[in-house]
Amino acid sequence: MLEFLVAAPSSGSGKTAVTCALLAALAQRGLSPCAFKCGPDYIDPMFHRSVLGVESHNLDRFLCADETLFRALYDRCRAGHKAAVTEGVMGYYDGLGGVTDEASAWDVARTLRLPVLLVLRPKGSSLTLAAQVRGLCAFREDSRIRALFLNDCSPMLFSTLAPMLERETGLPVVGFLPHREEAAFESRYLGLYTAGEISDLRGRIGTLAGLLEESGCLDRLLSLFGSASDPAAPRADGFPPPMARIAVARDEAFCFVYEETLDALRMAGAEPVFFSPMRDAALPAGAGGLYLPGGYPELHAAALAENEPMRRAVRKAVLARMPTVAECGGFLYLGQSLQDETGAPHPMAGALPGDGLRGTRLVRFGYTELTAKEPSLLFEPGDRVPAHEFHYWDCTENGASLTAQKPVTGKTWDCAFTGPSLYAGFPHLYFAGSPHLAERFAQAAACYAKSARGV
C-alpha cells in the first residue's frame, strides 16, 4: 500500500493544494486513495472529499490521546484502499500551544510510522532551503522526512534547486507544481472557503493532478513509499443494529462534522439522520436525539430565521428534553438571536438564553480540556474530556456548567450549558477519542424515543 504524510515547515506552503492534486492523480490511476487530515480542521477534509468522492478523516493526537484508539481509527479508515494520503497541520513540529510537538504532524507520523513528504515553497530562498531541511531532519531523533516536493516553483527554478537540495540534504526531490492562479484557494476568517463555495474546484485540482502525472511524481512516490499491489484489507465497519435515530443538522450553515464522530455514534447504536435547518420544516420522524454541529450559521442567519417552522420544532424538542448536543454554530442557533456579518440580528430557536454577537478576532481559540462540575447528558462530575474551540462570533450567555482549561498555559474559564438532556457550548467534542460520550448520547436517545412512543 502507498501511504505517506504531506507536511511543510509552516502554514501557507500549499499543503492542501498539493494533497488534493496527489489524491486526484492517484484516483485517476485507479488506486482508490483515502485521505486524512492532522488536527481538528473541518475544512481541509471537505476538499479531500470533493476530490475523492469518499470520506476524509481527521487524525488528532490531542482529541484522541489513546494510542490504541488512534491506530485503530487509522487502520479502519484506510482499509480497502490502495493509497492513503495524510495532510499535515501548520509547521511540521508545531503542536499544543505552538511550544510542544504533542499533536503535531510529526507526532502523527511518528505514531503511525508514516514516511513524510516535505513541501517547500522556495520563494525568496535557495541554498537556505537545504539548511532548513537539514534542521528539520535533525530536530528529532527520527524526523520521518523521506522526500521533498517544491510547490509554487517554475520548471527552470526546479531544475536548479532539485539537484542542489538532493546533494545538500541527501533526500530525493520527487516533483514540483508551478504557480497557477486558477488553482489558488481563497480564505476567510475560519480558514479556506469550503469546497462547495469554490467554482470549478474539480477542474482546478484536475489541472494540478495532470501536471503531477506529467512530471513522473507518482512513479517516484510509489517507488519510495510503497506499492499499489498490496491494498489494506477490506473494510468491515461492524456497526451494531441501531437502537435510536439522532437527527443531525447538515447544510451550508452546519457543515463542521467529524465523520469519526458520526461513526462513533453508529458504533454506539445510533443512526444519524440528516436534515437541513435552513430548508426543512420539521425534524426527521422518529428521532430520539438532536445533534447541531458547528459551521457558518452567521453567514446564513437570515435564511435560518426565515425558516420559522424549524426554529419552533428545534425549540420544542430541546424544551421537551430531547437529548441534544449543540457545538459552536449549533449552540448559537439555540440562542435568542444571531448577528450576521453586517451586525444585523436575526431570531434563532430561542431554546437557550443569550444572543450571538459578531466578532472581529478569534475567541478562546485552540485545544482545551473540559471538566464537568455536575452530572449531565454526556458527563459525570469530574469527567475530563479534550475539546477544541475555533470561532469569531461570541455569545452574551456562554453557560458555566463546565470548566475549560488550556493544556499548556493552564488558563481556565467556565463554559457550556449542560443538563440531563443537554450539552450546548462553543467547544467542539470528538466522540471517536471519547467513545463513552457517544454511548451516553445514543442510550439517552433510545430512552427518549421509547418514552415518546409510550413503550
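No lab work stands behind these numbers, since they all come straight from the coordinates. Every value quoted in this text rests on a predicted model; they were computed, and no experiment measured them. Neighbour counts are summed over all protein chains in view; Cβ atoms, including those assigned to glycine, are modelled from backbone coordinates with ideal geometry.
Relative to the present Cα-Cα distance, how much length would full extension add between residue 156 and residue 299 at 0.36 nm per residue of separation?
47.1 nm
Give or take rounding to whole Å, what are the principal axis extents of the alpha carbon atoms in the stretch 244-453, in descending order?
45, 42, 26
Could you check the simple spin-label distance between residue 167 and residue 69, using points 7 Å along Cα→Cβ, in nm with one decimal?
5.1
With just the Cα atoms of the stretch 362-412, tell me how far they stretch along each of the three principal axes, in Å, largest first.
Cα extents, longest axis first: 30, 27, 15 Å.
What number comes out for the charge environment of residue 309, summing +1 per Lys or Arg and -1 per Asp or Glu over other residues with Cβ under 12 Å away? Write down the numbers at each step before the final one.
On the way: positive: 279, 311, 312, 315, 316; negative: 280, 306, 308.
Computed value for this residue: +2.
When ranked by the protection proxy of mean other Cβ atoms within 10 Å per residue, highest first, what sequence do the peptides 48-56, 322-330, 338-346 form? All intermediate terms of the calculation are to be shown ahead of the outcome.
Working: 48-56: 18.4, 322-330: 27.2, 338-346: 15.3.
Ranked by mean Cβ neighbours within 10 Å, highest first: 322-330, 48-56, 338-346.
Using helices alone, what [θ] at 222 nm do you get for the chain, with -39,500 (n - 2.57) per DSSP H run of 4 or more residues, divided over all residues and rounded to the nearest 500?
-10000 deg cm²/dmol
Amide H of residue 147: which non-local residues (sequence gap of 5 or more, or other chain) have their own amide H closer than 5 Å, using H built in the peptide plane?
Excluding prolines and chain starts, which carry no amide H, the hits are 116, 118.
When only DSSP loop residues count, what trypsin sites (Lys or Arg not before Pro) in the stretch 357-429 have their Cβ near at most 11 other Cβ atoms within 10 Å?
361, 411
Could you go through the stretch 323-340 in sequence order and give the Karplus-derived ³J(HN,Hα) for each residue, using 6.51 cos²θ - 1.76 cosθ + 1.60 with θ = phi - 60°, rounded to whole Hz, and x for Gly and Pro?
Using θ = phi - 60°, the values come out as x, 9, 10, 10, 10, 6, x, x, 4, 4, 5, 6, x, 6, 8, 9, 6, 8 Hz.
How much net charge surrounds residue 166 when only the other residues with a Cβ under 14 Å from the Cβ of residue 166 are counted, with Lys and Arg +1 and Asp and Glu -1?
Taking every other residue near residue 166 into account, the sum is +3.
Please report 275, 176 as a ranked list, fewest other C-beta atoms within 10 angstrom at the top and most at the bottom.
275, 176
Please report how far the C-alpha centroid of the stretch 146-176 lies from that of the stretch 298-344, rounded to the nearest whole angstrom.
Measuring centre to centre over Cα atoms gives 51 Å.
Would you mind checking which residues have amide H under 5 Å from residue 290's amide H? H placed 1.01 Å from N; only 5 or more apart, or other chain.
The list, which skips near neighbours in sequence, is 247, 324, 325.
What are the residues whose amide H is under 5 Å from the amide H of residue 339, where those residues sit 5 or more places off or on another chain and H is modelled from the backbone?
Close amide H contacts, sequence-distant or interchain: 346, 356, 357, 358.
Take the cross-link list 316/406; 373/411; 37/450; 15/82; 82/123; 37/123 and give me the ones stretching past 27 Å between alpha-carbons.
Going by Cα-Cα distance, 316/406; 37/450; 82/123 fall outside the 27 Å limit.
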